[in-house]
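Following: one structure in structure tokens, then a few remarks.
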Amino acid sequence: MSNISRAFENGKAFIPFITCGDPDLETTAKCIVSMQEAGASLIELGIPFSDPTAEGPVIMEASLRALENGCTTDKVFEMVKKLRAELNVTIPLVFMTYANVVFSYGIERFCSRASECGIDGIILPDVPYEEKDEFDATCKQYGIDMISLIAPTSKERISIIASSASGFVYIVSSLGVTGVRSDITTDIPALCKAVKSAGDVPCAVGFGISTPEQAAAMAHSADGVIVGSAIVKIVAQYGEDAPEHVGEYVKSMVSAVKNI
């Protein structure tokens with residue numbers, strides 16, 4: 001059984017995202033510890049990339065700041081290793097990055113290091129389902145789940161994608177890039193129902209969610225809720241003092257999804 005399944009064992013899962021290295025990796029590590037203490041079920045770790053095509057301005061700017069501050073893939077691996085070995089971070093951890101980051105590092109080398117450090121999954125939003133085998137085969141070899149994404153436009157492809165998914169299915173709530181949205185108009189219940197009828201892995205909804213009310217609404221249909229930009233904005237606002245504020249925000253979101 002996938003280690004990621006642990007995130008969905010105790011009711012609805014809250015899954016926060018953070019950009020590694022913004023403002024620095026020490027602050028990122030403290031935020032991750034704070035999020036675990038606040039009740040996060042699983043954490044997505046964004047490896048910064050210079051051309052993050054799925055990201056809106058908030059996460060894109062965070063990635064650029066991290067790169068300018070000297071964050072590298074190797075340094076992110078070392079941070080994860082420290083989280084597992086020294087900082088008692090035990091919940092599942094998933095990388096979110098882009099194909100070029102993995103490909104340029106070397107797919108097998110990347111997966112090997114990720115596994116050694118304690119990474120449970122990877123999300124590559126720019127790799128379509130039809131082209132994922134190049135990465136997925138190696139991920140499986142090292143016990144890493146490659147998370148599949150389903151968008152409102154997936155339609156007849158939903159059953160194909162969901163039936164072979166591992167870890168969890170990432171349901172993209174809205175067309176376009178990441179970022180806070182005041183309204184989410186996609187028929188999330190229908191998407192979740194289609195996913196669940198095709199496979200037996202949990203589904204989590206992300207893109208655009210920022211308030212406890214939105215999170216609770218999504219959790220009525222999905223097994224988990226993913227939030228990124230709202231957390232990255234807190235880090236940008238508070239810098240090295242962000243861990244406490246991030247923890248408070250995550251605690252409020254966990255409460256919202258757990259009380260469904």
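Based on what the data block shows, is D22 over 13 Å from the mean Cα position of the chain (by Cα), assigned to a loop (DSSP other than H, G, I, E, B) and buried (at least 22 other Cβ atoms within 10 Å of the Cβ)?
The answer is yes for D22.
I'd like to verify a number: residues in region 41-59 that are assigned to a helix (DSSP H, G or I) and over 15 Å from the mean Cα position of the chain (by Cα), how many? It would help to see each step written out before you state the result.
Within region 41-59, the first condition is being assigned to a helix (DSSP H, G or I), and the residues that meet it are 57-59.
Filter once more, keeping what is over 15 Å from the mean Cα position of the chain (by Cα): 57-58.
Adding up the residues that qualify gives 2.
I need every pair where a residue in region 29-40 that is assigned to a loop (DSSP other than H, G, I, E, B) has its Cβ under 6 Å from the Cβ of a residue that is crowded, with 19+ Cβ neighbours inside 10 Å, sequence separation at least 6 or different chains.
A38/G247; A38/V250; G39/V254; A40/F14; A40/P16; A40/V250
Could you list, in sequence order, the residues of region 155-167 that are among the polar types (S, T, N, Q) and either crowded, with 20+ Cβ neighbours inside 10 Å or within 20 Å of the chain's Cα centre (by Cα) (or both)?
Of everything in region 155-167, those that are among the polar types (S, T, N, Q) and either crowded, with 20+ Cβ neighbours inside 10 Å or within 20 Å of the chain's Cα centre (by Cα) (or both) turn out to be S164, S166.
Which of the residues spanning region 60-94 are more than 16 Å from G228 (Cα to Cα) and not in a helix (DSSP H, G or I)?
Once the filter is applied, which keeps residues that are more than 16 Å from G228 (Cα to Cα) and not in a helix (DSSP H, G or I), region 60-94 yields N69, G70, C71, T72, E86, L87, N88, V89, T90, I91, P92.
How many residues does region 1-23 contain that are modelled with pLDDT of 95 or more and more than 16 Å from H245 (Cα to Cα)?
9
Could we say that P152 is in a loop (DSSP other than H, G, I, E, B), touching a residue at least 40 places away in the same chain (Cβ under 8 Å) and either surrounded by 17 or more Cβ atoms within 10 Å (Cβ to Cβ) or not charged (D, E, K, R) (or both) here?
Against the criterion (in a loop (DSSP other than H, G, I, E, B), touching a residue at least 40 places away in the same chain (Cβ under 8 Å) and either surrounded by 17 or more Cβ atoms within 10 Å (Cβ to Cβ) or not charged (D, E, K, R) (or both)), P152 does not qualify.
Got a sec? Which of D223, D200 is under 24 Å from P152 (Cβ atoms), modelled with pLDDT under 95 and either within 19 Å of the chain's Cα centre (by Cα) or not basic (K, R) (or both)?
D200
Does G56 satisfy being touching a residue at least 60 places away in the same chain (Cβ under 8 Å), under 16 Å from V227 (Cβ atoms) and surrounded by fewer than 24 Cβ atoms within 10 Å (Cβ to Cβ)?
yes
Out of everything in region 81-107 that is free of Cβ contacts under 8 Å to residues at least 40 places away in the same chain and closer than 26 Å to E131 by Cβ, what residue ends up being surrounded by the most Cβ atoms within 10 Å (Cβ to Cβ)?
Selected residue: V102.
Taking region 35-50 as the region of interest, how many residues are within 23 Å of K12 (Cβ to Cβ) and of a type outside the set (A, V, I, L, M)? Steps first, answer last, please.
Here is the first cut: in region 35-50, the ones within 23 Å of K12 (Cβ to Cβ) are 35-46.
Pick out the ones that are also of a type outside the set (A, V, I, L, M) and you get 36-37, 39, 41, 44, 46.
Summing the residues that are within 23 Å of K12 (Cβ to Cβ) and of a type outside the set (A, V, I, L, M) in region 35-50 gives 6.
For residues in region 102-146 being of a type in the set (S, T, Y) and at pLDDT 95 or above, which is nearest to I158 (Cα to Cα)?
Once the filter is applied, the top-ranked residue is T138.
Restricting to region 124-139, and then to whatever is surrounded by fewer than 24 Cβ atoms within 10 Å (Cβ to Cβ) and in contact (Cβ under 8 Å) with a residue 12 or more places away in the chain, can you tell me which residue is nearest to I226 (Cα to Cα)?
P125
With I119, I144, I160 as the choices, which residue is among the aliphatic types (A, V, I, L, M) and more than 21 Å from V76 (Cβ to Cβ)?
I160
Looking at (1) buried (at least 20 other Cβ atoms within 10 Å of the Cβ); (2) more than 18 Å from the chain's Cα centre (by Cα), find the lone condition where A114 falls short.
(2)
The values are calculated or read from the model by the stated rules, or taken from the named source; none is laboratory data. Source: prediction; values computed, not measured. Glycine gets a Cβ as well: all are built from the backbone with ideal geometry, and neighbour counts include every protein chain shown.
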